[in-house]
Amino acid sequence: MLESVKIQRRQSEIRQALAALVGKDKPTEDETRSMETMDAEYRSNETRYRAALIAEDEERREAKGELETRCDREYADLIGKFELRQVALHLDEGAKIDGATAEIVAELRSHGGYRGVPVPYEALEIRAGETVASGTPDPVFTAPIIDRIFADSVAGRMGTRFINIAQGTNEYPITSSAVTAGWAASETGAVAGPTAYSTSNRSLSPDSTYGITMKVTRKALKQSGDALEQAVRRDMNGCLAVGMDKAVFQGAGASGEPSGVMVGSYGITSTGVNAAASWAAFRSAVVRFMTANAASGPGSVNLLIRPEVFDFMDGTLITSTAVSEWDRLVKNIASPVMSSNALVAPAGTPKASKALLTTTVGGVAPIFVGTWGAIDLIRDVYSDAASGGLRLTALATMDVTVSRAEQLQILTGVQSEASGG
């Protein structure tokens, strides 16, 4: 108990005792001495109380950072102890979920409805040394953020912000107006007129659900500890990352898929290159970012291309030099992202594909990906009943939107072979 609270309680006791004594018309000598003693103690306690408050206030300020982050750190510690093996065995044979895993499942259930067992996205982090044969947990600290799961995904490397939403639809107001400024033409002249501050809302809605089906054999179920734990994590993590990457960029906006960046009606500038891939083509797009004040230079721009474009550019040497077009590109854009999943394969004659450039402005990500609640892990009791296996279906609800169209650019007709090749 805080010292100031103890003193407060004692002061209250003294006041009650004094009130009883003061009410007497003729107090005894002992009662008079008692009043004098308690009065002196009361005055002394007032000084002690002020000193205690000063000391405790200093302690609070020193512990402020810890107090503010303790809740997140405690949840992260629980996530670090979450065992997917327990969930799988619970769904297969009804084993009881206990420990940190049971706490997290109960917490998730209190925030939303799940047909199966809810699994937090953070628990899909691939870990080393999660459990050992004896079953003794050896947790690895995992930060309480969604981004860690998809940090190596194409969407994550292109500057996408991942947002976990408890329920409902989230809207993000993005500034869409431009400030008017100008000099006064004369001493009494007016400066440029005011511009209305306006925003455009970008919404994320729980309309698209992605499903993953996993088959766990009876042999795998009987293996202890890390084997099953890592297998389930790896499969779910990999499938989610691949499916999410494809949806973020190529989502059709129909048949249950969200509208991807390359397909949806987001008003993104699309420029036809219609020529062999070169640094000059990408440089022009970077310059367009810079003239629109969306980027300060090529170093703040992310680039997504097909692997075939890398192959072509790396083999294209500048005349009379040993420097390739790829060398020129990576000198300015240090880590281009290559993916055969996020972009459609080259087609046509000569073969050509699309490329995407993004940039982050004022801390605002170019793309938002929303995930709702947790993954709903449901058991299929029939499909593998004959072999004693376990068939699991994991349901994840996601959506995609962009922030400002000015933070993205699409290039079309980026050729990955020479004309007539």
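Just so it is clear, none of the values below were taken in a lab; they were calculated from the coordinates. Since the structure is predicted, the reported quantities are computational estimates derived from the model, not experimental observations. Neighbour counts are summed over all protein chains in view; Cβ atoms, including those assigned to glycine, are modelled from backbone coordinates with ideal geometry.
Annotations
- The amide H of Ser259, built 1.01 Å from its N in the peptide plane, has Gly253, Val400 as neighbours under 5 Å, considering only residues 5 or more places off or on other chains.
- Protection proxy ranking, peptides 77-84, 102-109, average beta carbon neighbours within 10 Å, highest first: 77-84, 102-109
- Listed by chain and number, the aspartates and glutamates whose C-alpha is less than 16 Å from the C-alpha of Lys222, apart from same-chain residues fewer than 8 away, are Glu83, Asp92, Glu93, Asp384.
- Pairwise label distance in nanometres, Leu395 with Arg50, each label 7 Å out on the Cα-Cβ vector: 6.4 nm
- Using a simple spin-label model with pseudo-atoms 7 Å out from Cα toward Cβ, Asn293 and Ala19 lie 6.6 nm apart.
- Theoretical FRET efficiency, 1/(1+(r/R0)^6), r = Cβ-Cβ of Thr319 and Ser270, R0 35 Å, to 0.05: 0.70
- Which listed pairs, of Lys81/Lys331; Lys96/Lys215; Lys215/Lys246; Lys246/Lys351, have C-alpha distances above 32 Å, in listed order: Lys81/Lys331
- Each label was represented as a point 7 Å from its Cα along the Cα-to-Cβ direction; for Gln8 and Ala40 these points are 2.8 nm apart.
- FRET efficiency for Asp327 and Asn164, using Cβ-Cβ distance with R0 set to 35 Å, rounded to 0.05: 0.30
- Difference of contour (0.36 nm per residue) and Cα-Cα distance, Arg218 to Val344: 41.5 nm
- Averaged over residues, the count of other Cβ atoms within 10 Å places the peptides 38-44, 274-280 in the sequence 274-280, 38-44, highest first.
- Placing R0 at 60 angstrom, the Cβ-Cβ distance between Lys96 and Glu58 gives a FRET efficiency of 0.80 after rounding to 0.05.
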